[in-house]
Amino acid sequence: MAINDYGDLNEIQLDALKEIGNIGSGNAATALSAMLEREVNIAVPKINVLDYSSVCDTLGGPEQLLVGILFGISGDITGMIMFLLHKEFAHMVLNSLVGSEFDGYSGLDEMDKSTIQEVGNIMAGSYVNAMAAMTGLTIDLSVPTMNVDMAGALLSVPAIYYANISDKIIVIEDEFGHEQVGASSHVLLIPEVDGLTKLMKSLGLDS
């Protein structure tokens, strides 16, 4: 059965997406631990299909300042994936990798931005690789683009692009722990709807 909207996903299909998210989050924690050269723990991720206004609320409101790293998805599935970092996450990464304190987004230099972008690249790849491994599909990521902006502005990019497709989005909320410091991130998975149908078919969940 074709999926015409994210809202058409049934409970079994949603559980499959949650399993992909669980595996991706575990892989992301492993990758982050390797990068930081110290253990990073992760809580069980929260994975939901939400409308855009609810996503803004989850992120702390439309005026919440975040780092957004956007990737295009191509191959057997097309769409976007957006990696959203809160300031605690940026501090954890920069302090561990380049030894700098995070005093605010306005103080990010080119090395800081490059470091954060590379972390986003590796972690987004963890989710895409989990999806590819479970489905056998070929899924590629584009070169990322990074912006620091309010949550509402960052979400306007996929909201406008997918306005005629769906008003919902797959949200993976992660909470990482590193030396008694908590750091949260959100991964927005936005495959095009025909890609969702293909993904579910590859999992044997298309009916």
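The values are calculated or read from the model by the stated rules, or taken from the named source; none is laboratory data. Quick caveat: nothing in here was measured; it's all calculated off a predicted structure. Ideal geometry is used to build each Cβ from the backbone, glycine not excepted, and the neighbour counts take in all protein chains shown.
Does residue 15 satisfy the condition of being over 30 Å from residue 136 (Cβ atoms) and assigned to a helix (DSSP H, G or I)?
Working: over 30 Å from residue 136 (Cβ atoms): no; assigned to a helix (DSSP H, G or I): yes.
The answer is no for residue 15.
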May I ask you to say which residue of 60, 72 is within 27 Å of residue 132 (Cα to Cα) and modelled with pLDDT of 80 or more?
72
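Given 59, 85, which one is in contact (Cβ under 8 Å) with a residue 12 or more places away in the chain and more than 18 Å from residue 168 (Cα to Cα)?
Values: 59 fails: more than 18 Å from residue 168 (Cα to Cα).
85 is the lone residue from the list that is in contact (Cβ under 8 Å) with a residue 12 or more places away in the chain and more than 18 Å from residue 168 (Cα to Cα).
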Which count do you get for residues in the range 34-44 that are touching a His at 6+ places or on another chain (Cβ under 9 Å) and surrounded by 14 or more Cβ atoms within 10 Å (Cβ to Cβ)?
2
Might you check whether a residue that is modelled with pLDDT under 85 and among the small types (Gly, Ala, Ser) occurs anywhere in the range 142-161?
yes
Please specify each residue of the range 75-93 satisfying the condition of being surrounded by 22 or more Cβ atoms within 10 Å (Cβ to Cβ), within 14 Å of the chain's Cα centre (by Cα) and outside any strand (DSSP E or B).
89
Residue hits (the range 141-166; exposed (fewer than 15 other Cβ atoms within 10 Å of the Cβ) and more than 20 Å from residue 64 (Cα to Cα)) are 142, 143, 161, 163, 164
Would you please list the contacts, defined by Cβ atoms under 8 Å and residues six or more apart or on different chains, that run from a residue in the range 27-45 that is within 10 Å of residue 174 (Cβ to Cβ) to a residue that is surrounded by fewer than 14 Cβ atoms within 10 Å (Cβ to Cβ)?
29/41
Any residue in the range 45-54 that is under 17 Å from residue 183 (Cβ atoms) and either touching a strand residue (DSSP E or B) at 6+ places or on another chain (Cβ under 6 Å) or loosely packed, with under 13 Cβ neighbours inside 10 Å (or both)?
yes
For residues that are under 21 Å from residue 18 (Cβ atoms) and in contact (Cβ under 8 Å) with a residue 12 or more places away in the chain, tally how many sit in the range 115-161.
16
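When you scan the range 40-60, do you find a residue that is of a type in the set (Lys, Arg), assigned to a strand (DSSP E or B) and closer than 19 Å to residue 155 by Cβ, even just one? Talk me through it step by step, then tell me what you get.
Residues of the range 40-60 that are of a type in the set (Lys, Arg), as a first pass: 46.
After this cut, where a residue has to be assigned to a strand (DSSP E or B) as well, the list is 46.
With the extra rule that they be closer than 19 Å to residue 155 by Cβ, the set shrinks to 46.
Scanning the range 40-60, I find at least one residue that is of a type in the set (Lys, Arg), assigned to a strand (DSSP E or B) and closer than 19 Å to residue 155 by Cβ, so the answer is yes.
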Just to be sure before I move on: is residue 2 at pLDDT 80 or above and hydrophobic (A, V, I, L, M, F, W, C) in the structure I sent?
no
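May I ask you to verify whether residue 66 is at pLDDT 80 or above and assigned to a strand (DSSP E or B)?
Values: at pLDDT 80 or above: yes; assigned to a strand (DSSP E or B): yes.
Judged against the criteria, residue 66 is a match.
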Residue by residue through the range 102-113, note down the ones that are over 23 Å from the mean Cα position of the chain (by Cα) and modelled with pLDDT under 65.
103
Do you know which residues across the range 13-49 are among the β-branched types (Val, Ile, Thr) and within 12 Å of residue 189 (Cβ to Cβ)?
20, 47, 49
How many residues are farther than 25 Å from residue 56 by Cβ, among the hydrophobic types (A, V, I, L, M, F, W, C) and part of a helix (DSSP H, G or I) if we restrict to the range 132-161?
3
